[in-house]
Amino acid sequence: MDRGATRKTQQGSKGTSRVTRGGAAGGGGGTSRRDRAQQQEGPPYPQQPKKDQSSLYIGAGVGAVLILILVAAMAGGGGGGGHAKNAEARLTKTMNSAYEHYRQRNFSQALQVLEEALSDPAFRGLPKLKDAQTLATEVRSYVNAERDAASKLADLKARVEKSKADQTAMKKAPEFWGEVQALLTQYGGTSSGQELRGIREDLRRWISTESQAGWQNDYNRTKSRIESSCLAVGKYSQAAREWRHFEESFTDPLLKSRIEQELRTIDKLSVDGANKLIASAGAGAEGRESLERALNDYGGTEGQQVIKKHLASLK
């Protein structure tokens, strides 16, 4: 009888080794450059404090470690009679099945297996049953998140399609964009995340197409005015303020990137202007006073930092 129990224990241990290797293999996977650029999407669902939900979602996190420890502990046997050992062996097999579904992201199937185990009278009183309850709670949170994400995605798609039908899609694109961003923050790690990102890319193109005609002429006029009335006379701080004010009137990502380039150009020009000013000001009291007056025209630019550093070095 003891030798038979020993063989069962050894077989359970081997089964655990296979699960461990499967869990490690399931933890891989890379991200594309586009996905890394979209890091504003936040952590995968659901958001719970002090838990690595991203690792858990791909099958190598808190729940995965918990189930591996559970299976190993159960497979190791222990005291008790034959009835208790038989129940433990059955629970080990059940947990292995739940973990395999879990590792493959089949959360609904994993939860079904776990709930059947929790309701089985034969498992009542087993010390490790509470670990099965903990894992079931983790899996249930993912099942709920998947369901909520799918529902909200379907609702968004229906409204986007309706806007296409009534020819209001371009007008509503910025509103849809904000909604998609919020959904990705909450549900970017679910199976709905990829489709949400696809909708976001469509909206990005709509916004660009709709708004570019609206800002292009104003952009050219603003650029010409800023160059002649600000940059030509060394008013770099004012130039940066006017570009930021212009940006507030539009939502087009293309315009925002254009303005970022303009601000970088202002920073470069301000550094060149600051170095020329320092060279002509001299090291005397008058030079210091001249540089201090110029700080207002360089406020918020890299040129201002160059002047401040030089003033600090004067005695």
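The values are calculated or read from the model by the stated rules, or taken from the named source; none is laboratory data. None of these values were measured; they are calculated from a predicted model. Positions of Cβ are generated from backbone atoms using ideal geometry, with glycine treated the same way; all protein chains shown enter the neighbour counts.
Residue-wise test of (1) within 28 Å of LYS223 (Cα to Cα); (2) buried (at least 17 other Cβ atoms within 10 Å of the Cβ); (3) not polar (S, T, N, Q).
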| position | (1), (2), (3) |
| --- | --- |
| ALA240 | yes, yes, yes |
| PHE250 | yes, yes, yes |
| ILE266 | yes, yes, yes |
| ASN275 | yes, no, no |
| ALA283 | no, no, yes |
| ARG288 | no, no, yes |
| ILE307 | yes, yes, yes |
| HIS310 | no, yes, yes |
| SER313 | no, no, no |
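When VAL143, VAL139 are checked against the criterion of being surrounded by 13 or more Cβ atoms within 10 Å (Cβ to Cβ) and at pLDDT 80 or above, VAL143 stands alone in meeting it. The residue of the stretch 224-250 that is modelled with the highest pLDDT, among those that are among the polar types (S, T, N, Q) and touching a Phe, Trp or Tyr at 6+ places or on another chain (Cβ under 8 Å), is SER237. Is it the case that some residue within the stretch 189-205 is touching a residue at least 40 places away in the same chain (Cβ under 8 Å), among the hydroxyl-bearing types (Ser, Thr, Tyr) and surrounded by 20 or more Cβ atoms within 10 Å (Cβ to Cβ)? The answer is yes, given that some residue of the stretch 189-205 is touching a residue at least 40 places away in the same chain (Cβ under 8 Å), among the hydroxyl-bearing types (Ser, Thr, Tyr) and surrounded by 20 or more Cβ atoms within 10 Å (Cβ to Cβ).
Per this entry, ARG221 is counted among residues that are under 30 Å from LYS276 (Cβ atoms) and either at pLDDT 90 or above or surrounded by fewer than 18 Cβ atoms within 10 Å (Cβ to Cβ) (or both). Beta carbons closer than 6 Å, at least 6 apart along the sequence or on distinct chains, pair a first residue in the stretch 105-127 that is without any contact (Cβ under 8 Å) to a residue 24 or more places away in the chain with a second that is part of a helix (DSSP H, G or I) for GLN109/HIS101; VAL113/SER97; VAL113/ALA98.
Evaluating GLN194 against the criteria (1) in a helix (DSSP H, G or I); (2) in contact with a helix residue (DSSP H, G or I) (Cβ under 9 Å, 6 or more places away or on another chain) leaves one unmet condition, (2). Pairing residues of the stretch 291-310 that are assigned by TED's automatic domain parsing to the domain that holds GLY273 and more than 10 Å from ALA274 (Cα to Cα) with residues that are surrounded by 19 or more Cβ atoms within 10 Å (Cβ to Cβ) and aromatic (Phe, Trp, Tyr), at Cβ distances under 6 Å and at least 6 apart in sequence or on separate chains, gives THR301/TYR236. Has the stretch 297-308 got at least one residue that is within 12 Å of GLY234 (Cα to Cα) and hydrophobic (A, V, I, L, M, F, W, C)? Looking through the stretch 297-308, none of the residues is within 12 Å of GLY234 (Cα to Cα) and hydrophobic (A, V, I, L, M, F, W, C).
The set of residues from the stretch 200-218 being within 26 Å of VAL180 (Cα to Cα) and either more than 29 Å from the chain's Cα centre (by Cα) or modelled with pLDDT of 85 or more (or both) comprises ARG200, GLU201, ASP202, LEU203, ALA213, GLY214, TRP215.
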